[in-house]
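Data block below; observations after.
The values are calculated or read from the model by the stated rules, or taken from the named source; none is laboratory data. None of these values were measured; they are calculated from a predicted model. So basically every Cβ, Gly included, is an ideal-geometry build from the backbone, and we count neighbours across all protein chains shown. Each accessible area value is taken on the protein alone, full model and side chains, heavy atoms only, with ligands, DNA and RNA left out. Shrake-Rupley method; radii C 1.70, N 1.55, O 1.52, S 1.80 Å.
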Amino acid sequence: MAEKILRYDYTNARAEAVGAAGLTTHDMAEAEAHLARVYTQAQAARSGWGFTKLPYREAEADMLTALGNELAAQCDDFVVIGIGGSALGAIALHSSCNPPFYNYSSRQARGNRPRMFVPDNIDPLLIGNLLATLNPARTIVNVIAKSGSTAETMANFLVVRAWLEQALGSDWKSHVVLTTDPAKGALRALATSHNLRCLDIPPDVGGRFSVLTPVGLLPAAVEGIEIKALLRGARDMLERCAGTDWRRDPAFFNAALHYLFDVRKNIRMNVLMPYAQSLRDIADWFRQLWAESLGKRVNRRGEVVHCGLTPINALGATDQHSQVQLYVEGPVDKLFTFIHTDQFAVQTAIPKGFSTDPAFAYLSGQTLNKLLHAEEFATRAALTKAGRPNATISLPAINPYYIGQLLLFFELQTAYAGELYDINAFDQPGVEQGKVFTYALMGREGYEAARAELKQMELARPDCII
């Protein structure tokens, strides 16, 4: 590989660095046989993990790039209607692969690309105010739902479609692109009956693993992000994480680290803390991936295990002033993972000034880049000194190639963790129950039994209102 690969450093998770909270050589030796066995099983299973096939879909990338260019020329604003896995990937790519304040730049500064909006909620004020700011004649809407029936997405689509139709009449159809299952679901049926443009989400790829499908790649292509570079980075990470030795696979090692801290140290809260503003939404995307994949009541044998590691996203240096006091002096119940960036796209000098004042003098003539790296190092050192285990993922730079590596790293880590816990990392039965109750409360036909169950629950509930 001509380009560099991300680096993974777990030095500060060892007992030699952090004392009693860290993993010892004995801990690692005792787990060796189990980890080696699970890694062999995972390598055999991963050909069935749909997300591992996505980086090789070159023809689809060409098609999406062409479609993205076409749509970009047709609109001033591109709106993604989706929620959870149908939105977070697009948000993460938008913020990590574009300059900050992309939407506030001139169209020329954006490379003649439209603004991007991903209202990942059904808050009426959010949706109402968004539509009030946009011109429907110059807006393209991408509606995304794997199942084609997600209540939040369907509701927002009905609102946006009425807004488009009121302004454009039957031409509303040319302003809508659907992304859904290739063969089934309400959105697929709607695409057929109304002759709407429709893109496929592979059936073997769940929503939270779908960032490298048209779910994430079409919005990225509309913005002019190099989606082939994303896929190339993901491919290189896949190849880096293939082999027979689990100790040489950074994604598996990180999964194993989290697993061992859970089963041996009772540490089940995992803080992901990038030191780059543009990676903030990557941490938000990962939070869903990790929580929804690993939070399971039963294992594959049907035994009740209540598995789950709680993901917490933080941001350096911002959360040094909101969370780090807890992290350094609070309970020893968290494993920290930093994301370090070797080189930023710009270097911002700190001008000289007020040189007689010690509060300013040491900063004058330095750079914000150096200060951010110093704060990251200092936070890592403070946690280590306080006996708080931590690891670091280092990116050579922030660009589509390395973002592709990072996304695939986290997806593999999550799937590997499912193997370590012997749970299904690819379903979400807890989420489905909430969906059923929502359908019942909204009067959807066929959910009468769930409505009756909710009524019984309400009658049985003690009155504890103050």
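Put simply, of 148, 89 the only residue that is modelled with pLDDT under 95, touching a Gly at 6+ places or on another chain (Cβ under 6 Å) and surrounded by 14 or more Cβ atoms within 10 Å (Cβ to Cβ) is 148. Within region 127-145, being in contact with a strand residue (DSSP E or B) (Cβ under 7 Å, 6 or more places away or on another chain) and open to solvent by less than 20 Å² (accessible area, probe 1.4 Å) holds for 134, 139, 140, 141, 142, 143, 144, 145. In region 259-285, of all residues being open to solvent by less than 10 Å² (accessible area, probe 1.4 Å) and in a helix (DSSP H, G or I), the one that is nearest to residue 86 (Cα to Cα) corresponds to 285. The one condition from (1) touching a residue at least 24 places away in the same chain (Cβ under 8 Å); (2) not in a strand (DSSP E or B) that residue 346 does not meet is (1).
The set of residues in region 421-466 being of a type outside the set (D, E, K, R), in a helix (DSSP H, G or I) and more than 30 Å from the chain's Cα centre (by Cα) consists of 449, 450, 452, 454, 456, 457, 459, 460. Just one residue in the set 187, 196 is open to solvent by less than 10 Å² (accessible area, probe 1.4 Å) and either without any contact (Cβ under 8 Å) to a residue 60 or more places away in the chain or of a type in the set (A, V, I, L, M, F, W, C) (or both); that residue is 187. Taking region 48-83, which residues are over 28 Å from residue 413 (Cα atoms), among the small types (Gly, Ala, Ser) and surrounded by fewer than 18 Cβ atoms within 10 Å (Cβ to Cβ)? Scanning region 48-83 gives 66, 73.
The residues on offer are 363, 289, and the sole one that is of a type in the set (A, V, I, L, M), under 27 Å from residue 396 (Cβ atoms) and in a loop (DSSP other than H, G, I, E, B) is 363.
Restricting attention to region 38-47, the residues that are farther than 23 Å from residue 230 by Cβ and either in contact with a Lys or Arg (Cβ under 7 Å, 6 or more places away or on another chain) or open to solvent by 20 Å² or more (accessible area, probe 1.4 Å) (or both) total 5. The one condition from (1) part of a loop (DSSP other than H, G, I, E, B); (2) touching a strand residue (DSSP E or B) at 6+ places or on another chain (Cβ under 7 Å) that residue 3 does not meet is (2).
Here's the yes/no breakdown for (1) at negative phi; (2) open to solvent by 50 Å² or more (accessible area, probe 1.4 Å); (3) in contact with a strand residue (DSSP E or B) (Cβ under 6 Å, 6 or more places away or on another chain):
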position: 402; (1), (2), (3): yes, no, yes
position: 440; (1), (2), (3): yes, no, no
position: 444; (1), (2), (3): yes, yes, no
position: 458; (1), (2), (3): yes, yes, no
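Between 232, 208, the distinction of being buried (at least 18 other Cβ atoms within 10 Å of the Cβ), in contact with a Leu (Cβ under 7 Å, 6 or more places away or on another chain), among the basic types (Lys, Arg) and in contact (Cβ under 8 Å) with a residue 24 or more places away in the chain belongs to 208 only. Could you say whether any residue in region 212-228 is open to solvent by 10 Å² or more (accessible area, probe 1.4 Å) and part of a helix (DSSP H, G or I)? Yes, because at least one residue in region 212-228 is open to solvent by 10 Å² or more (accessible area, probe 1.4 Å) and part of a helix (DSSP H, G or I). The set of residues in region 246-267 that are free of Cβ contacts under 8 Å to residues at least 60 places away in the same chain and closer than 13 Å to residue 39 by Cα comprises 247, 248.
Is it fair to say residue 320 is within 18 Å of residue 414 (Cα to Cα) and open to solvent by 20 Å² or more (accessible area, probe 1.4 Å)? Considered against the rule, which asks whether it is within 18 Å of residue 414 (Cα to Cα) and open to solvent by 20 Å² or more (accessible area, probe 1.4 Å), residue 320 comes out as no.
Is it the case that region 350-368 has a residue that's surrounded by 22 or more Cβ atoms within 10 Å (Cβ to Cβ) and modelled with pLDDT of 95 or more? No, region 350-368 contains no residue that is surrounded by 22 or more Cβ atoms within 10 Å (Cβ to Cβ) and modelled with pLDDT of 95 or more.
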